[in-house]
Amino acid sequence: MNPVHDSEIRDITLAAEGRRKMDWAFAHMPLLAKLREEFQRERPFAGKRVAICLHLEAKTANLALLVQAGGAEVAVAASNPLSTQDDVVAGLVDAGVTAFAWRGATEEEYHRHLGRLLDFHPEAIIDDGGDLITALHRDRPDQLREIRGGCEETTTGILRLRAMEAEGALKVPMMAVNDAYCKYLFDNRYGTGQSVWDGIMRTTNLLVAGKTVVVVGYGWCGKGVAMRAKGLGARVIVCEVDPIRALEAVMDGFSVMPVVEAAREGDFFVTVTGNRDCITRPAFEVMKDGAVLANAGHFDVEISKPDLRELAVSVREVRHNIEEYRMPDGRRLYLLAQGRLVNLASGDGHPVEVMDMTFALQALALRAVVEGDFPPGVHPLPRELDERVARMRLSAWGFSVDELTPGQRAYLASWQA
Ligand SMILES: NC(=O)c1ccc[n+]([C@@H]2O[C@H](COP(=O)([O-])OP(=O)(O)OC[C@H]3O[C@@H](n4cnc5c(N)ncnc54)[C@H](O)[C@@H]3O)[C@@H](O)[C@H]2O)c1
């Protein structure tokens, strides 16, 4: 494919601004910089076509350029219609990557872009949320044999892959990058924790201190969102369905209660479950006037938009990315970023250093898949790659750690000592 002629993007004249954003991010991505040197030398993807379906912003662009530096021909599409940054996509095309994406794509355009990405006949893929892998299996079964394998970025995508695997429907090997320690411990927790509040605060310009924040879902992301809300001075309520995670929230110092009870108290609501219909009509009916609703889970189904629309007597955009739903009794509920991932649709996504780690994992996982011979199915990231990324991050920050002595290693491996 020819990046300039074949791409479907908003405006190539935005490329210079996109390149500036990419350069700023890359200057804070020492892990990708190190891997770029290695990949330029070793060319692990020489002659391969790699399709990347991720949130298209500056950090992702640097991953695409890293894969390109490893010898691949690269094409990209968005994993969410509202997280694409048009200038960054233009910058990518300018750098020789074919792109099919623009911010605010309709449902039809979004799926057409995924189709165009598959027209590229990739041999390896990086997916985020499973939309590309689903389109591949559903619409292009003939192309499955062309795929050497791929990597999945997020919790929701892994759930979908495991559901496919359980039904015997998954026909390619996929590495579960999300399940690496260096992914969920840092990206899901600290990345989501910081970027969700960045997204909410820059969109609303409202104070968090002294308010009540309701976090629905206390998984890796929810823990980060709750922790950072507490740090900002909020009182935090957690809603969970898993009793063990609910107990964890209690021992972390938070109140725990069902959503309909928390609904009466919250000033901010953040859903981050990967599930659907987590906040619905009974909760909207009792929320305070002015409650702010944001979602950080992968799809825009966690806060029920159909229920909100049905209840509302009017809907209007009151500020960029804030929709006001006026209830029959006059209360106003504010939905951010149309219920899509607030940190990406209403911000720049995770902090750069976090994505440097996540994308180092992605690059190493892609290399392992391309060079290995994995059977179809979901595969864990090899532990040594996880540890390598942790060591790279520690070393980039100037930290070093002790090594086990041979005696300690033997002691830990024995049962008679
Ligand atoms: N915004 C981002 O940048 C970002 C980053 C990483 C992951 N994600 C997405 O966030 C979501 C959560 O990811 P995670 O890694 O925290 O997952 P996780 O599996 O660790 O946690 C999800 C939690 O939600 C709980 N839950 C499920 N249904 C619920 C309900 N109805 N009410 C209350 N709690 C419920 C589960 O019990 C679980 O504890 C996924 O969709 C994932 O893809 C988003």
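Worth pointing out:
- For region 209-231, the candidate set comprises residues that are in a loop (DSSP other than H, G, I, E, B) and in contact with a Lys or Arg (Cβ under 9 Å, 6 or more places away or on another chain); within that set, the residue that is farthest from the ligand (Cβ to nearest atom) is 210.
- Filter result for the condition that a residue is more than 16 Å from the ligand (Cβ to nearest atom), touching a residue at least 60 places away in the same chain (Cβ under 8 Å) and charged (D, E, K, R), over 138, 116: 116
- Scanning region 149-174 for residues that are more than 16 Å from the ligand (Cβ to nearest atom) and touching a strand residue (DSSP E or B) at 6+ places or on another chain (Cβ under 8 Å) returns 149, 150, 165, 170, 172, 173.
- Which numbered condition residue 285 fails, given (1) in contact (Cβ under 8 Å) with a residue 60 or more places away in the chain; (2) away from the ligand (no atom under 15 Å from the Cβ): (1)
- Criterion: closer than 22 Å to residue 250 by Cβ, of a type outside the set (S, T, N, Q) and either more than 15 Å from the ligand (Cβ to nearest atom) or surrounded by 20 or more Cβ atoms within 10 Å (Cβ to Cβ) (or both) - qualifying residue of 199, 193: 193
- Residue in region 168-190 that is among the hydroxyl-bearing types (Ser, Thr, Tyr), at negative phi and assigned to a strand (DSSP E or B) present: no
- Residues being crowded, with 22+ Cβ neighbours inside 10 Å, farther than 25 Å from residue 30 by Cα and more than 17 Å from the chain's Cα centre (by Cα) are entirely absent from region 356-374.
- Per the conditions (1) of a type in the set (S, T, N, Q); (2) over 20 Å from the mean Cα position of the chain (by Cα); (3) closer than 25 Å to residue 386 by Cα, the sole criterion not satisfied by residue 188 is (2).
- Among the candidates 313, 378, residue that is farther than 26 Å from residue 208 by Cβ and away from the ligand (no atom under 16 Å from the Cβ): 313
- Looking only at region 83-109, and only at residues there that are surrounded by 21 or more Cβ atoms within 10 Å (Cβ to Cβ) and free of Cβ contacts under 8 Å to residues at least 60 places away in the same chain, the one that is nearest to the chain's Cα centre (by Cα): 84
- Checking every residue in region 174-181 against the condition of being over 18 Å from the mean Cα position of the chain (by Cα) and modelled with pLDDT of 95 or more gives zero matches.
- Taking region 295-310 as the range and being among the aliphatic types (A, V, I, L, M), within 11 Å of the ligand (Cβ to nearest atom) and either free of Cβ contacts under 8 Å to residues at least 60 places away in the same chain or touching an Asp or Glu at 6+ places or on another chain (Cβ under 8 Å) (or both) as the test, only 301 passes.
- Residue 324 being more than 13 Å from the ligand (Cβ to nearest atom), closer than 13 Å to residue 214 by Cβ and of a type in the set (D, E, K, R): no
- Among the residues making up region 261-278, those that are touching a helix residue (DSSP H, G or I) at 6+ places or on another chain (Cβ under 6 Å) and within 9 Å of the ligand (Cβ to nearest atom) are 272, 274.
- Looking across region 318-330 at every residue that is part of a strand (DSSP E or B) and of a type in the set (A, V, I, L, M), the one that is surrounded by the fewest Cβ atoms within 10 Å (Cβ to Cβ) is identified as 318.
- Flag if residue 136 is in contact with a helix residue (DSSP H, G or I) (Cβ under 9 Å, 6 or more places away or on another chain) and either among the small types (Gly, Ala, Ser) or more than 26 Å from residue 346 (Cβ to Cβ) (or both): yes
- Yes/no for residue 40 being out of contact with any Asp or Glu (no Cβ under 9 Å at 6 or more places or on another chain), polar (S, T, N, Q), buried (at least 19 other Cβ atoms within 10 Å of the Cβ) and in contact (Cβ under 8 Å) with a residue 24 or more places away in the chain: no
This table checks each residue for (1) touching a helix residue (DSSP H, G or I) at 6+ places or on another chain (Cβ under 6 Å); (2) within 24 Å of residue 153 (Cβ to Cβ); (3) charged (D, E, K, R).
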position: 198; (1), (2), (3): no, yes, yes
position: 204; (1), (2), (3): no, no, no
position: 219; (1), (2), (3): no, yes, no
position: 229; (1), (2), (3): no, no, no
position: 244; (1), (2), (3): no, no, no
position: 255; (1), (2), (3): no, no, no
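Yes/no per residue for (1) crowded, with 19+ Cβ neighbours inside 10 Å; (2) charged (D, E, K, R):
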residue	(1), (2)
11	no, yes
16	no, no
19	yes, yes
25	yes, no
28	no, no
32	yes, no
59	yes, yes
63	yes, no
66	yes, no
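The values are calculated or read from the model by the stated rules, or taken from the named source; none is laboratory data. All figures in this text were calculated on a predicted structure; none of them were measured in a lab. Using ideal geometry, Cβ is built from the backbone for each residue, glycine included, and neighbour counts are taken over all protein chains shown.
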